[in-house]
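To keep things clear, I will list the structure first and then write my remarks on it.
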Amino acid sequence: MLSIRDLNVYYGGIHALKGVSIDVEEGQIVSIIGANGAGKSTLLNAISGMVKPKEGRILFKGKELPPAPHKIVELGISQVPEGRLIFANLTVKDNLMMGAYLRKDKIGIEKDLEKVFALFPRMKERIHQMAGTLSGGEQQMLAIGRGLMSNPDLILLDEPSLGLAPLLVKTIFDIIESIQQMRKTILLVEQNAYKALSIADKAYVLEQGKIVKEGSGKELIKDKSIQEAYLGKK
Ligand code: ATP
């Protein structure tokens with residue numbers, strides 16, 4: 001579904017992605033793990049068109065992506081950015097509807113809204129609440145819900161568990177698996193390596209802008225060097 005080849009991204013003199021190649025098959029959860037500053041957000045931003053690569057190819061369903069973020073959304077890719085970036089002064093409902101702003105199919109939008117409420121009953125209860133007054137975990141749910149409202153085939157999740165208490169982290173990862181069951185494909189970027197590998201069909205390790213390892217989630221969890229560097233085991 002998504003094929004990235006030899007991607008190079010620079011911020012001025014900083015070479016943030018150095019020849020990154022990854023593949024995401026339809027229906028998979030693919031996780032990218034890596035330390036702070038490894039280039040994880042840059043990779044997602046390059047896919048969603050927010051950052052312009054200097055070299056490399058990004059193919060989605062066999063075709064090169066256009067350089068315009070809204071066109072990329074229309075093609076079926078939705079990004080849930082790090083730090084959630086919800087609209088604090090809008091209600092839950094209005095935030096969700098912002099995710100559907102490029103759509104004209106009213107019936108489809110209503111159906112997807114119901115799906116989001118089924119996934120996050122808490123959002124339905126708080127439909128008229130200002131988003132800025134939601135708790136951190138609720139804001140994360142809202143951001144994921146908004147990402148689903150464009151009815152994407154591929155959803156890019158940037159650190160969805162960041163800053164959440166352990167119980168909520170579990171909830172968020174359970175939800176990611178539910179989204180996969182909704183026949184969506186997921187590219188997940190995470191510092192919570194154990195959780196990200198546990199649910200991944202396939203995973204990549206990004207270090208200083210380079211992919212240094214890839215394999216199934218199960219293989220990488222058993223890998224000694226990954227256990228030491230990312231899973232806190234000796
Ligand atoms: P984190 O987990 O801390 O969010 P990350 O793996 O997502 O890290 P990126 O945010 O992609 O890493 O950053 C990769 C590198 O590029 C870092 O060295 C960062 O400082 C740099 N960088 C990111 N965005 C910019 C920018 N807009 N301008 C200049 N440098 C940037």
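Give me the pairs, please: first residue somewhere in the stretch 217-234 and surrounded by 11 or more Cβ atoms within 10 Å (Cβ to Cβ) and among the hydroxyl-bearing types (Ser, Thr, Tyr), second residue anywhere and assigned to a loop (DSSP other than H, G, I, E, B) and at pLDDT 90 or above, beta-carbon distance under 7 Å, and either six or more positions apart or on two chains.
none
Looking only at the stretch 26-56, how many residues end up being assigned to a loop (DSSP other than H, G, I, E, B) and closer than 23 Å to residue 71 by Cβ?
Of the residues in the stretch 26-56, 8 are assigned to a loop (DSSP other than H, G, I, E, B) and closer than 23 Å to residue 71 by Cβ.
Suppose we filter 13, 27, 34 for residues that are within 11 Å of the ligand (Cβ to nearest atom), touching a helix residue (DSSP H, G or I) at 6+ places or on another chain (Cβ under 9 Å) and not hydrophobic (A, V, I, L, M, F, W, C); which single one remains?
Exactly one of 13, 27, 34 is within 11 Å of the ligand (Cβ to nearest atom), touching a helix residue (DSSP H, G or I) at 6+ places or on another chain (Cβ under 9 Å) and not hydrophobic (A, V, I, L, M, F, W, C), namely 34.
Being in a loop (DSSP other than H, G, I, E, B) and either touching a Gly at 6+ places or on another chain (Cβ under 6 Å) or under 21 Å from residue 212 (Cβ atoms) (or both) is the requirement here; does residue 16 meet it?
no
Which of the residues belonging to the stretch 57-109 are of a type in the set (Asp, Glu), in a loop (DSSP other than H, G, I, E, B) and surrounded by 13 or more Cβ atoms within 10 Å (Cβ to Cβ)?
Passing the criteria: only 82.
Only residues that are more than 15 Å from residue 210 (Cβ to Cβ) and either near the ligand (Cβ under 8 Å from one of its atoms) or under 13 Å from the mean Cα position of the chain (by Cα) (or both): list them for the stretch 37-50, please.
Once the filter is applied, which keeps residues that are more than 15 Å from residue 210 (Cβ to Cβ) and either near the ligand (Cβ under 8 Å from one of its atoms) or under 13 Å from the mean Cα position of the chain (by Cα) (or both), the stretch 37-50 yields 41, 44, 45, 47, 48.
Enumerate the pairs (first residue in the stretch 44-67 and touching a residue at least 40 places away in the same chain (Cβ under 8 Å) and within 15 Å of residue 79 (Cβ to Cβ); second residue anywhere and in a strand (DSSP E or B) and among the charged types (D, E, K, R)) with beta-carbon separation below 9 Å, excluding pairs fewer than 6 apart on the same chain, so at least 6 apart or on different chains.
44/158; 58/5; 58/64
The values are calculated or read from the model by the stated rules, or taken from the named source; none is laboratory data. Since this is a predicted model, take the numbers as computed values, not measurements. With ideal geometry, Cβ positions are generated from the backbone for all residues, glycine too; neighbour counts draw on all protein chains shown.
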